[in-house]
Amino acid sequence: MKRNYTLEEIERWRDRVHRRLPRLAVRSKEQALKFINSVGFCFAFKAEHSELPCLWHAACGVREPVLPRHTHHDPYLSFVWEMKDTLPAEKSIYYGKLLKGRPTMLSLKYLPYFYVLAERTGARDEYIQEFRRQKLSQDAKEIMEALLDSWPQVTKGLKLATGMHAKGDRAAFDKAIAELQTKMFVVKVAEQYEPFTFVWAPLARVFPAEVRKARRISLEEARAKVLEQYFANQLVGTVSSIQRLFRWSKKEIFQSLGTLLNAGAIRTDVQVEGKDHRYYILVD
């Protein structure tokens, strides 16, 4: 087995998996769905330092695409915008601000694992319990109450229902809706354009099958499954790179790495040129 890698060798490996090559570029809805299902989870618009696959990079078919000055006229960004509307509306994928608070796409296969990692169960009063434990803000709690009372709802309807409809309330509302996305209580199910607005729904009501599946998965199993796919996407990783992306504790990371090492899914006898970190690598 190969034990010494250069950074360029790692990036060339990722070029294939992340579809960052012209011959592998993603150009249709069918290809976009196949790509997301293949990598399990990815960013929609930008991946820094190859931290994850990215649909925009795959649409461009290059490793480091340059953000155009006039984004609305760029065909690749327009394609990603279309996919982030179409695929979630068809319930083919999950889309929301999840990893690092950034627009993230999940295949339905991996949605239950991330739901478990968000510590959700799908119980109707779960948001109340989170609020009582001071893990959910007052504004987020009020949005959930309004959404469970009637869903789906457009952004303006939620603002009116919660009394956060004044201009000065916009920042508070945006912060609360982002909180609910990150904690996987709500999901955006559509976008309307006349006038432009988002349409929201409780995640547990939109993806009931995935929520039921999540109830049979332990936290340890979910973390190991997601981490195994991370290595399948990235080839190599360090404790620091894993922690930056998933925000897990070091104890949780070492536990999951141990699970994958014992299963023979990854190994540690690898060195990356010019780096002194301890790297873990996919057994391929």
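Only the coordinates and a few stated rules stand behind these numbers; no lab work does. As the structure is a computational prediction, the values presented were derived from the model and not from experiment. Cβ sites come from the backbone with ideal geometry, for glycine too, and all protein chains shown count toward neighbours.
Which of GLU221, GLU8 comes first, and how do the rest follow, when ranked by fewest Cβ neighbours within 10 Å?
By the 10 Å Cβ count, ascending, the order reads GLU8, GLU221.
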Backbone N under 20 Å from the GLN138 label point (7 Å along Cα→Cβ), restricted to segment 159-190: 159-180
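Given axes a ≥ b ≥ c from the Cα gyration tensor, I'd like to know whether segment 126-206 is rounded (a/c under 1.5), prolate (a/b larger than b/c) or oblate. Intermediate values should be presented prior to the final figure.
Working: a/c = 1.88, a/b = 1.30, b/c = 1.45.
Here segment 126-206 falls in the oblate category.
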Take ILE36, ILE128 and order them by how many other Cβ atoms sit within 10 Å, fewest up front. ILE128, ILE36
So who's got an amide H within less than 5 Å of the one on VAL187, skipping anything under 5 residues away but keeping other chains? H placed 1.01 Å off N, in plane. ALA201, LEU203
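Gain in length, LYS2 to ARG124, computed as 0.36 nm per residue apart minus the alpha-carbon separation, to one decimal in nm? All intermediate terms of the calculation are to be shown ahead of the outcome.
Details: separation 122, 0.36 × 122 = 43.92 nm, distance 5.05 nm.
Here the segment from LYS2 to ARG124 would lengthen by 38.9 nm.
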Can you list the HN-Hα couplings for segment 232-248, worked out from phi with the Karplus curve (6.51, -1.76, 1.60; θ = phi - 60°), rounded to whole Hz and with x for Gly and Pro? 5, 8, 9, 6, 10, x, 10, 4, 5, 5, 5, 5, 4, 7, 9, 6, 7
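Based on Cβ point charges of +1 for Lys and Arg and -1 for Asp and Glu, what charge dipole magnitude is obtained for the chain about its Cα centre, in debye rounded to the nearest 20?
Details: 47 positive and 34 negative charges, 63 e Å.
The calculation lands at about 300 debye.
What does the extension gain come out to for GLN271 and HIS165, with contour length at 0.36 nm per residue minus their alpha carbon separation? Display every interim value, and only then the final one.
Working: separation 106, 0.36 × 106 = 38.16 nm, distance 5.49 nm.
In short, 32.7 nm is gained.
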Hits in segment 29-49: amide N under 18 Å from the 7 Å Cα→Cβ extension of LEU67, namely 43-49
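Given Cα pairs under 8 Å that are at least 6 residues apart, what percent is the relative contact order of segment 1-140?
On the way: 157 pairs, mean separation 29.3, N = 140.
The normalised contact order for segment 1-140 reaches 21 percent.
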Please order SER78, SER92 by the number of other Cβ within 10 Å, starting at the fewest. SER78, SER92
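Express in nm, to one decimal, how much length is gained between SER150 and TRP13 on full extension, taking 0.36 nm for each residue of separation and deducting their alpha carbon distance.
Working: separation 137, 0.36 × 137 = 49.32 nm, distance 4.73 nm.
The span from SER150 to TRP13 would gain 44.6 nm if fully extended.
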Per residue of segment 254-259, in order, report the coupling 6.51 cos²θ - 1.76 cosθ + 1.60 (Karplus, θ = phi - 60°) as ³J(HN,Hα) in whole Hz, putting x for Gly and Pro. 5, 5, 6, 4, x, 4
